[in-house]
Amino acid sequence: MTKSRVIEIEPLTRVEGHGKVTVHLDAQNRVSEARLHIVEFRGFERFIQGRLFWEVPVIVQRLCGICPVSHHLAAAKAMDKIVGVDILPPTAEKMRRLMHYGQILQSHVLHFFHLSSPDLLFGFDAEPERRNIFEVIRKHPELAKQAILLRKFGQEVIEATSGKKIHGTSAIPGGINKNLSLAERDHLLANHGQFLEWCRAAVTLAKSYVIEHQHLVKRFAHFPSNHMSLIREDGALDLYHGKLRATDAAGQIIFDQVDTDHFNDYLMEEVKPWSYMKFPFIKRLGNVDGWYRVGPLSRLNNAAFLDTPLARDAHLEFRELTQGSPNHSSLNYHYARMIEVLHCCEKVHELLLDPDLQGSDLRSSGTRREEGIAVIEAPRGSLIHHYRVNENDQVTFCNLIVSTTHNNTAMNRAVTDVAQRYLDGQPDITEAMLNHIEVAVRAYDPCLSCATHALGQMPLQVELVDADGTCIQRKSQYIDEDTYGL
Amino acid sequence: MSETLASTFTIQVDGQTVTVQAGQSIMEACDAAGIYIPRLCDCEGLVPQGSCRVCCVDINGRIQAACTQPAAPGQVIGNETPTLNAHRRTLVEMLFHEGNHLCPICEASGRCELQAMAYRLGITQASPYPYLQPVRPVDASHPDIALDNNRCILCGRCIRASRDIDQKHVFDYVGRGIHKRIGVSAARLAETDASLEDEAIARGTCPVGCILRKREGFDTPVGQRLFDRRPIDLDNAVQHHIPTQAVPAHIESDPP
């Protein structure tokens, strides 16, 4: 072999959406570059223009079937601004929060158990036919049952608060269109104790994984970075509302308590020709050094504490792993994610016992504004919705910066890091090596359809390309693997 | 001729004997007898115009619109027959093809008669034929009312309500054939005297999500919307129709 090559992994499996990875190898099989390509085309920001503003929370949530609640609520929060409402009636805000905690719980559980647990339970290099949820059901039936029922619980919280398990319609500009009936409340409370126990067990499982695999965790896609998230005024984790905080690799503040209305003063987006996903960065640090991570890892790095008892303790243990310094390990996203699941489960319980949820004051109004900006912590990280609405109530401008987009540079770093560690100089590239790359991407739980606001089918792929750009190998779920010698 | 007719007589509808008051249309006689004939353009309180053809029934072997066809002694009528429902399904499918009826994001979803009719007729997925996917401008110029012609099914209920009940003539058909659409009596809605108090703007007059009362969208939770509770039938079709006493006495039916 004297030529350089590019390996293409396409589709990337067990992620939400359609993307591919290309690994560029030189003539000596050294990895020169690895890229995560998002090959879906965006459209929502354009075709929402001209629509009426109260339709927006219902339309934009169709970006995604996994975290529609995040988009529904982010858009509703932005539309609160449009109708001049800064403070919602308590029933409305608490219903939305309950919906959001249910959403994060179900999304995190789906990602950890259904998508990622096969890698963690059976090994990154296990036979591909074993690395799926069905093998988890066969080998760990109790765990699989817990995963399915926990996710169902999250979906039922969403249904009770939004009207439907997927794509509900309850969050309206300035409020909510329903409260929680006592029957709905009692149904959700019925088995809550059991769910809480399962969430604690999930934290223990994730923690024991990172401790037992310390060596791997400290080497695998482990790199310093900045971290950004919403934060409550007192420094607590707040997934629904707050101000922006960014910290550097040493945990020092880059900016803090930034009003989300001013996010544009602190963040910029860069476009690269090989991906439909933009590359955001912190303006002050520039596009080279200003990239940052978002999501569970960043949130737990940035939060001073969690305000529910079990999750507070779990967070302290998490911080002890790195002696209080920021945790930069991609695989620790899983551990952080399960701590958030526990936090959400506790929050759901706290809210279910709150009589405000049966209140009847559901909607406020105020003086109309032209611009609405909202940030929410979606399961995968900070989600920014920015709109302008004209005097006829029609949207004239829309910009969505979703969690996966914030993590774009980080995922590319993770892919490069793993490619260099596992593929570099290898005479032959095996399926197991390529799965290591997928594991790195998967840690971020990317939602590629959200990131590009696409519609349609979207599995993920990996390609091996030579110096001329010719594809030599491709890994694809839907392509005859013999054709490509894999 | 009316002197020669008895004041009441009977007809047969799907094998059931229905007593008719002289002068009633087949639709009116069936409504009174509690028999539901599917419909879209007809609306209690408005003069019937027989344009959607969904209410077509089989009258002694001829297919005619029940809303405009007078009941007559001796009629043997088929209503809920497989053949008629197949025709109705095709007609409703055509309406979906001609407009942009995106139920998942439409605020009329759950109270939309087109959607409810589709469910009633067993339309659960897209038909294989191409969709016209029109791109018609949304007229949001009025402070309280918006008009999204992409969702119009040309039932003309707003035209009749505005002309006959409100006496305002805000709406009318413009264009011909496939280009036919609902126009307003000025360059844009803001320049007409349409108001939220108009019967033409009342919820339920527009059977779809074309005429929108601004900022009211999605205010009813899923599960409590009109057709969430039960499929479209006589009871819930009538409950949001225009009260008959609102109809001026001098109005005569348009020719079918």
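Only lysines eight or more places from A:K165 in sequence, or on another chain, were considered; those with a Cα closer than 17 Å are A:K152, A:K178.
Round to the nearest 0.05 the FRET efficiency obtained for B:H97 and A:E45 when R0 = 25 Å and r is the Cβ-Cβ distance. For R0 = 25 Å, the calculated efficiency reads 0.35.
In the range A:344-393, the residues that give up 20 Å² or more of accessible area when the other protein chains are added, compared with the chain on its own (1.4 Å probe), are A:R363, A:N392, A:D393.
Under conditions of 25 °C and 0.890 mPa s, the protein assembly as shown yields 86 µm² s⁻¹ as its translational diffusion coefficient, taking Rh as the Kirkwood radius over Cα pairs in the Stokes-Einstein equation.
For the range A:333-440, the relative contact order works out to 14 percent when only alpha carbon pairs closer than 8 Å and six or more residues apart are counted. Rolling a 1.4 Å probe over the heavy atoms of the protein chains gives chain A an accessible area of 36 Å² per residue.
Test of understanding: express the Cα radius of gyration of the range B:41-90 as a ratio to 2.2 N^0.38 Å, with N the residue count. Walk me through the intermediate numbers first.
Working: Rg = 11.0 Å, N = 50, 2.2 N^0.38 = 9.7 Å.
Against the compact-globule rule of thumb, the ratio is 1.13.
Pairwise Cα separations in the range A:302-453 fall into 10 Å bins from 0 onward with the following percentages, short to long: 9, 24, 29, 23, 11, 4, 1. Per residue, the range B:83-246 exposes an accessible area of 46 Å² to a 1.4 Å probe, with every protein chain left in place. Counting only heavy atoms of the protein chains and using a 1.4 Å probe, A:E45 has close to 20 Å² of accessible surface.
About the centre of its Cα atoms, the protein assembly as shown shows a dipole size close to 700 debye [charges on the beta carbon of Lys, Arg (+1) and Asp, Glu (-1) only; nearest 20 debye].
Which value results for Rg/Rh of the range B:2-80 when Rg is the Cα radius of gyration and Rh the Kirkwood radius based on the inverse mean 1/r? Write out the running numbers ahead of the final one.
Details: Rg = 11.6 Å, Rh = 12.4 Å.
Reported Rg/Rh (Cα atoms, Kirkwood Rh): 0.94.
Solvent-accessible area of the range B:83-246 (1.4 angstrom probe, protein heavy atoms only): carbon and sulfur portion equals 52 percent. Using a 7 Å offset from Cα along Cα-Cβ at A:V271, what residues in the range A:371-407 end up with backbone N under 16 Å from the label point? Within reach of a label on A:V271, which here means backbone N under 16 Å from a point 7 Å along Cα→Cβ, the range A:371-407 contributes A:398-401.
Per-residue Cβ counts within 10 Å, from other chains only, averaged over A:47-55: what number is that? If you can, show how the numbers build up before the last one.
On the way: counts 0, 0, 0, 5, 4, 9, 4, 8, 8.
The shielding value for this peptide is 4.
Take the Cα of A:L189, step 7 Å toward its Cβ, do the same at B:S7, and the gap between the two points is 6.3 nm.
Relative contact order for the range B:2-80: 35 percent, from Cα pairs under 8 Å spaced at least 6 residues apart, divided by residue count. For the range A:24-122, the alpha carbon convex hull comes to 162 Å³ per residue, rounded to a whole number.
Evaluated at q = 0.12, 0.15, 0.21 Å⁻¹, a Debye calculation over the C-alpha positions of the range B:83-246 (equal weights, vacuum) places log10 I(q)/I(0) at -0.54, -0.86, -1.59.
Report the net charge of residues surrounding A:Y240, where surrounding means a beta-carbon distance below 9 angstrom and charges are Lys +1, Arg +1, Asp -1, Glu -1.
It works out to a net charge of 0.
If you take the Cα centroid of the range B:165-179 and the Cα centroid of the range A:260-310, the two points sit 53 Å apart. With pairing defined as another cysteine C-beta under 4.7 Å, the cysteines of chain B that fail it are B:C30, B:C43, B:C55, B:C56, B:C67, B:C103, B:C106, B:C112, B:C158, B:C206. Our estimate of slack between A:D361 and A:F305, defined as 0.36 nm per intervening residue step minus the Cα-Cα distance, is 17.0 nm. Across chain B, the relative contact order, built from alpha-carbon pairs under 8 Å that are at least six residues apart, equals 22 percent. Ranked from largest to smallest solvent-accessible area, with a 1.4 Å probe on the protein heavy atoms, A:E377, A:E212 come out as A:E212, A:E377. For the range A:221-299, the spread of Cα coordinates along the three principal axes comes to 41, 31, 21 Å, biggest extent given first. Evaluated on the range B:1-160, the Kirkwood hydrodynamic radius is 17.4 Å, with distances taken between all distinct Cα atoms.
Projecting the Cα atoms of A:L239, A:V288, A:H187 onto the charge dipole of chain A, computed from C-beta unit charges around the Cα centre, puts A:H187 farthest toward the positive end. Dimensions of the range A:138-256 along the principal axes, based on C-alpha atoms and rounded to the nearest Å, stand at 48, 46, 25, largest first. Across the range B:128-210, Cα-Cα distances exceeding 22 Å account for 19% of all pairs.
Per residue of B:214-227, how many C-beta atoms from partner chains lie within 10 Å of its own C-beta, taken as a mean?
Numbers: counts 5, 9, 2, 9, 13, 8, 4, 12, 10, 4, 3, 2, 0, 0.
The per-residue average across the peptide is 6.
Sorting A:W198, A:W54 by solvent-accessible area of protein heavy atoms yields A:W198, A:W54, largest first, with a 1.4 Å probe.
Over all orientations, the range B:44-125 has a Cα convex hull whose mean projected area works out to 6.5 square nanometres. Counting only protein heavy atoms and a probe of 1.4 Å, the accessible surface of chain A is 51% carbon and sulfur.
Projecting the Cα atoms of A:C398, A:N301, A:P173 onto the charge dipole of the protein assembly as shown (Cβ charges, centred on the Cα centre) puts A:N301 farthest toward the positive pole.
To the nearest 500 deg cm²/dmol, what mean residue ellipticity at 222 nm is calculated for the protein assembly as shown from DSSP H runs of n ≥ 4 alone, each contributing -39,500 (n - 2.57), summed and divided by the residues?
Values: 24 runs with 241 residues, N = 742.
Roughly -9500 deg cm²/dmol at 222 nm, from the helical runs in the protein assembly as shown.
Rounded to the nearest 100 Å², what is the sum over both chains of accessible area buried where B meets A, with a probe of 1.4 Å? Mind showing how you got there, number by number?
Numbers: alone 12960 and 18150 Å², together 29400 Å².
Interface area, both chains combined: 1700 Å², rounded to the nearest 100.
Projected label points at A:E33 and A:K152, each 7 Å from Cα along the beta carbon direction, are separated by 4.9 nanometres. Every Cα-Cα pair in the range B:168-226 was counted, and those over 12 Å apart are 74% of them.
The values are calculated or read from the model by the stated rules, or taken from the named source; none is laboratory data. Keep in mind that this is a model prediction, so the values were computed, not measured. We place every Cβ from the backbone using ideal geometry, glycine too, and count neighbours over all the protein chains shown. Only protein heavy atoms, including side chains, enter the accessible area calculation; ligands, DNA and RNA are left aside. Shrake-Rupley method; radii C 1.70, N 1.55, O 1.52, S 1.80 Å.
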